[in-house]
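What follows is calculated from the coordinates using simple rules that are stated; it is not laboratory data. Computed from a prediction, not measured in an experiment: that's the story for all the values here. Because the Cβ atoms are built from the backbone with ideal geometry, glycine has one as well, and the counts that use them run over all protein chains shown.
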Amino acid sequence: MSTPQQNPSATLDTLDVDHTDTAYRSWLKEAVRKVQADANRSADTHLLRFPLPEAWGIDLYLKDESTHITGSLKHRLARSLFLYGLCNGWIRPGRPVIEASSGSTAVSEAYFAKLIGVPFIAVMPRTTSTEKIRLIEFHGGRCHFVDDSRTMYDESARLAVETGGHYMDQFTYAERATDWRGNNNIAESIHRQLRLERYPEPAWIVATAGTGGTSATIARYVHYMQHDTRICVADPENSCFFEGWTTGNPDVTTDCGSRIEGIGRPRMEPSFVPGAIDRMMKVPDAASVAAVRALEGAIGRKAGGSTGTGLWSALKIVSEMVAEGRTGSVVTLLCDPGDRYLDKYYSDRWLAEQGLDIAPYTRAIETLLTTGKWPSS
C-alpha cells in the first residue's frame, strides 16, 4: 500500500498578521516613563495624629493624602489607572481620555493626561465645587456637565465613542488597576509609617467609599499580609453602598446624588468589594461636616467632607475602645484639602440651604473628647 503524500505547504502555512506600530510603541514607552517618573519624584504622604487624651491609650491617625501634587487621595488612583490604560493599549496618542467623576479623580487625571500629552474630558455633576472645576481646567482638562449624576456613566461612554477616545471608568477599574499586594500602595505605606509607633498594627482602618477601590486595596493588603487589622467603610447619605452591603443586594440604587463630594454613589460600583471588609457605618451628612470642622479645631487643617465622614466613624470606634478599656491605634484618611469646599462644608449659608444642622453632632464630638463617652442619642 502506498503512503499518502502530504503537501508541505498545506501543513506549514501559518496565518501571520503583524500590527506592530513602531511610532506608537515609542510613544507608549515615553508615556509610561513619564507616569512612572512622576511616582519616582513623589514623596510619601504624612501620617498625622489627631490629639486624644493620653490616658485613653489610643492613637488616632489621619493619612494625609491632600499633600499629593494634585491634592487628593485620587492622585494614587489616577496614576494607576493611566498605567493600566496605557499598558492595556487603551490610551492612544491624540485621543481623549474621558472620565466620570465628582471632581477629585478628574483633577488628578487631567494632570496625568497633560503629562503624557493627550486631551482630557471630565464628565461631572453641575453641582461640582467651583474650585475643582478650576483645577481641572488649570491642568488642561475640559468639563462636560450633567444635571443628574446617574447619567455620568452613559454620557462618558457616549463621548468616548463620539471622539474615538478612551473612557477610563474608575468605578469599574479602580480595584484592579492598583497592586494591592504592595508596590507602595496606601495600605503598605500606612503600615510602614506605623512601624515605630507604640501600636504599629492598627486595630481599625476606616475608609470611605467612592469607587470602592481604596477599601478593596487596604482590605486585600491586610489579608495578604496576615494582619489582624479590621476594615470599616463609612458611607454618606444618598449612597447605596451601606444598603447593598447589609442586604447583600448588588442591584440597589438611590434616587439622588451624594452631597459629600468624592464619596457615595447612586449604584453599587463594580470596584466595591463587599466581602473584603468587616464593617460599615451610615454617616449623616451633618455629622461629616461637624467632624471636618472639628478636625480644623484639633489640628488646624481644613479638609473635604469625605474626610469628615471617615473621621466621624473613626471617633465612634475610638469611643467603643475607650468604653471597653482597649488600647491600640485607629487610622482614617484625610482625602483632600478643605479649600476646595469653602462654599460648601465651611459655609453656614450652604448648610442652611441644605437643611443641615451640625450642632448636635458637634456636641457629640466635644462630649467624646471631653469625657470619652459617645452620646447615646
Distance (nanometres) between label positions extended 7 Å along Cα→Cβ at Arg49 and Asn88: 4.3
Interchain or long-range residues, amide H under 5 Å from Val331's placed H: Tyr61, Trp204, Ile205, Val206
Extent along principal axes [Cα atoms of region 157-266; Å; largest to smallest]: 53, 34, 24
Relative contact order [Cα under 8 Å, 6+ residues apart], region 16-160, whole percent: 18
Gap separating the Cα centres of region 35-55 and region 137-161, nearest whole Å: 31
Check: the chain dipole with +1 on Lys, Arg Cβ and -1 on Asp, Glu Cβ, in debye: 740
Extension gain from Val161 to Trp350, taking 0.36 nm per residue of separation minus the Cα-Cα distance: 64.3 nm
Separation of the Lys373 and Thr247 label points, Cα + 7 Å toward Cβ, nm: 3.7
Greater than 23 Å apart at Cα, pairs in Lys282/Lys373; Lys34/Lys302; Lys132/Lys344; Lys114/Lys302: Lys34/Lys302; Lys114/Lys302
For P(r) over Cα pairs in 20 Å bins from 0, in percent, calculated from these coordinates, the label among (1) 28, 54, 13, 4, 1, 0; (2) 29, 58, 12, 0; (3) 33, 60, 7, 0: (1)
Crossing angle, helix 152-163 versus the chain [Cα axis fit, 0-90 degrees, rounded to tens]: 30
Contact order relative to length of region 71-128, as percent, for alpha carbon pairs under 8 angstrom and 6 or more apart: 38
Amide H contacts under 5 Å for Val283, placed H, 5+ residues apart: Asp235, Glu237
5 angstrom amide H check on Val97, placed H, neighbours 5+ away: Phe120, Ile121, His166
Degrees between helix 285-299 axis and first principal axis of the chain (Cα, 0 to 90, nearest 10): 80
Alpha-carbon centroids, region 307-373 and region 66-115: separation in whole Å: 30
Backbone HN-Hα couplings from phi across region 119-136 [Karplus 6.51/-1.76/1.60, Hz, Gly and Pro as x]: x, 9, 10, 9, 9, 8, x, 5, 8, 4, 4, 4, 5, 5, 4, 4, 5, 4
